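Notes for the one structure printed next.
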Amino acid sequence: MTVLLQTEDLTKRFGGLTAVRGVSFTLSFGEVVGLLGPNGSGKTTLLNMISGAHRATSGQINFEGHPIQNLRPDQISKQGIARTFQLVKVLPTMTVLENTICGLAFGSSRMWGAEAEGKAMEKLHQVGLADKAKQPAATLTYIDSKRLELARALAADPHLLLLDEWLSGLTPEELQEGIKLIKSIRDAGASILIVEHIMSAIRELCPRCIVMNAGEKIADGLTGDVLQQQDVIEAYLGA
Ligand code: ADP
């Protein structure tokens, strides 16, 4: 399997606090990997380093064979990494379509006018929002704003998609819809790193998962096996 993303001994300190300590892992092309761990274990910080929002204190991040740990977020998105945020960040007064077109600008392709609109519409179809393209984003329901956030990330045609608790806050029915949507993106061949608390979603979506605790990677393997590991269970129980 071709390695897409590789972190090596990645560490992030905030003053005296080490949020991520010596984390190494690889994600291969086409893989969907879950990133789990209790609150404060360093998942978001890890995602922030991969997407360039935080500079690593030490260690390396290679993406498609190139070091990216010193690049800015815009440079990293142009290299092919897109992410969604825990708190949805759509632009409320712009239409759904305009918001999605904004996502195109984060990718490596240059498109304008009808071509950009066509591409954005394609992504809105993919997430089930095409019929709401002309509405202001502010009029969307919560799950639809999450769909939009996904469409915007997909508009950049990322080689790697980072999902930061994209499924959180949904009703049980919406959760099933959300899982189905991510499955369809996965089945189209995407490589995805999923930070998620919802275990049922991780079990359904991620054949493999990585578990963090207190800034360190404590498990990495087949999801079914990892979730039975004693230290993983204890980390979640706070033991
Ligand atoms: P998780 O996503 O697993 O909940 P985080 O990566 O958000 O964990 O946080 C890991 C640790 O780093 C926590 O102790 C948190 O308080 C700390 N932390 C995160 N971001 C910052 C920051 N910008 N400044 C200082 N401390 C931070």
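Readers should treat all values here as calculations from the given coordinates under stated rules, not as data from a laboratory. All of these numbers come straight from a predicted model, not from anything done at the bench. Ideal geometry is used to build each Cβ from the backbone, glycine not excepted, and the neighbour counts take in all protein chains shown.
Data overview
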quantity: For segment 3-13, Karplus couplings with θ = phi - 60° (6.51, -1.76, 1.60), whole Hz, Gly/Pro x; calculated: 6, 9, 10, 9, 10, 9, 6, 6, 9, 9, 10
quantity: Estimated 222 nm signal from helices in the chain, with DSSP H stretches of n ≥ 4 weighted -39500 (n - 2.57), rounded to 500; calculated: -11000 deg cm²/dmol
quantity: Low-density loop cleavage sites - trypsin sites (Lys or Arg not before Pro) in segment 76-106, where at most 14 other Cβ are within 10 Å (DSSP); calculated: K89
quantity: Stretchable slack from E204 to K89, in nm (0.36 nm times residue separation minus alpha-carbon distance); calculated: 38.8 nm
quantity: For A82, net neighbour charge (Lys/Arg +1, Asp/Glu -1) across residues whose Cβ lies under 9 Å away; calculated: +1
quantity: Length released on extending from Q229 to N39, taking residue separation times 0.36 nm less the Cα-Cα span; calculated: 66.5 nm
quantity: Value of Rg to Rh for segment 31-122 (Rh from inverse mean 1/r over Cα pairs, i.e. Kirkwood); calculated: 1.02
quantity: If the convex hull is drawn through the Cα atoms of segment 84-157, its volume per residue in Å³; calculated: 75 Å³
quantity: Coil-residue chymotrypsin sites (Phe, Trp or Tyr not before Pro) of segment 65-154, DSSP, other Cβ within 10 Å capped at 14; calculated: W112
quantity: Local net charge near L227, Cβ-Cβ under 14 Å (Lys/Arg +1, Asp/Glu -1); calculated: -4
quantity: Spatial separation of Cα centroids for segment 174-219 and segment 6-54, in angstrom; calculated: 15 Å
quantity: Segment 57-94 residues near the modelled E8 label - backbone nitrogen below 19 Å, point 7 Å along Cα→Cβ; calculated: 57-71
quantity: For K132, net neighbour charge (Lys/Arg +1, Asp/Glu -1) across residues whose Cβ lies under 11 Å away; calculated: 0
quantity: Extreme residue, positive dipole direction of segment 91-201, given options A120, G178, P92 (C-beta unit charges); calculated: A120
quantity: Rounded D (µm²/s) - the chain, Kirkwood Rh over Cα pairs, Stokes-Einstein at 25 °C, 0.890 mPa s; calculated: 135 µm²/s
